[in-house]
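Undergrad: Below you'll find the structure I mean.
The values are calculated or read from the model by the stated rules, or taken from the named source; none is laboratory data. Just so you know, these numbers come straight off a predicted model, no measurement behind them. Glycine gets a Cβ as well: all are built from the backbone with ideal geometry, and neighbour counts include every protein chain shown. These accessible areas exclude ligands, DNA and RNA; they are computed on the full protein's heavy atoms, side chains included. Shrake-Rupley method; radii C 1.70, N 1.55, O 1.52, S 1.80 Å.
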Amino acid sequence: QVQPVESGGGLVQAGGSLRLSCTASGRTFNFYATGWFRQASGKEREVVAAISRDGGSTAYADSVKGRSTSSLDNAKKTQYLQMNSLKPEDTDVYYCAAGFRSTISTTPRGYDYWGQGTQVTVSS
């Protein structure tokens, strides 16, 4: 079993950048595909980025495509989400998730373990 732990959220001005980190507590992500989701109050959780178990395949939401990059460092047991050109509408709680699978999943159902979330706030 693996427990994702997020870090790196915070307050940033529009146009700025943040790098979110998701560290595996327990096992490494070697057996898990991972993803980032975000959820605003009263709304459903939606995918931001997803990466396959070997890090070779990625997928991004249209809203962040071209502005975000997901990468995996299994030696460090960490998955990263680099977010650039941030907009106020990117403000949300961001969750890291791990699924016992090799391929990408862009739906919450594809994941078995979830972190507690990290707040990202983008001011205009």
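Undergrad: Using label points projected 7 Å from each Cα along Cα→Cβ, tell me how many nm separate Gln119 and Gln13, to one decimal.
TA: Using points 7 Å along Cα→Cβ, the separation is 2.1 nm.
Undergrad: Report the residues of the stretch 9-29 in range of a label on Ser102: point 7 Å along Cα→C-beta, backbone N strictly under 20 Å from it.
TA: Residues 28-29 fall inside that zone.
Undergrad: Would you mind working out the accessible area per residue for the chain, using a 1.4 Å probe, and quoting it in Å²?
TA: 50 Å²
Undergrad: If you average 1/r across every pair of different Cα atoms in the stretch 44-88 and take the reciprocal, what Kirkwood value do you get, in Å?
TA: One decimal place: 11.3 Å for the Kirkwood radius.
Undergrad: Between the stretch 3-41 and the stretch 57-124, how far is it from one alpha carbon centroid to the other, in angstrom?
TA: That distance is 6 Å.
Undergrad: Something else now. Can you give me the % of accessible surface on the chain that is carbon or sulfur? Probe 1.4 Å, all protein chains present, nothing else counted.
TA: 44 percent
Undergrad: R0 = 22 Å: FRET efficiency of Ser57 with Arg27, Cβ-based, nearest 0.05?
TA: Working from the Cβ atoms, E equals 0.55.
Undergrad: Which of the lysines could a cross-linker bridge to Lys87, judged by Cα under 25 Å and excluding same-chain residues fewer than eight apart?
TA: Cα-Cα hits under 25 Å: Lys43, Lys65.
Undergrad: Suppose we keep just the alpha-carbon trace of the stretch 1-119; what are its Rg and Dmax in angstrom?
TA: Reported Rg and Dmax, both Å: 13.0, 37.
Undergrad: Given points 7 Å out from each Cα along the Cα-Cβ axis, report the Asp112 to Ser41 separation in nanometres with one decimal.
TA: 3.4 nm
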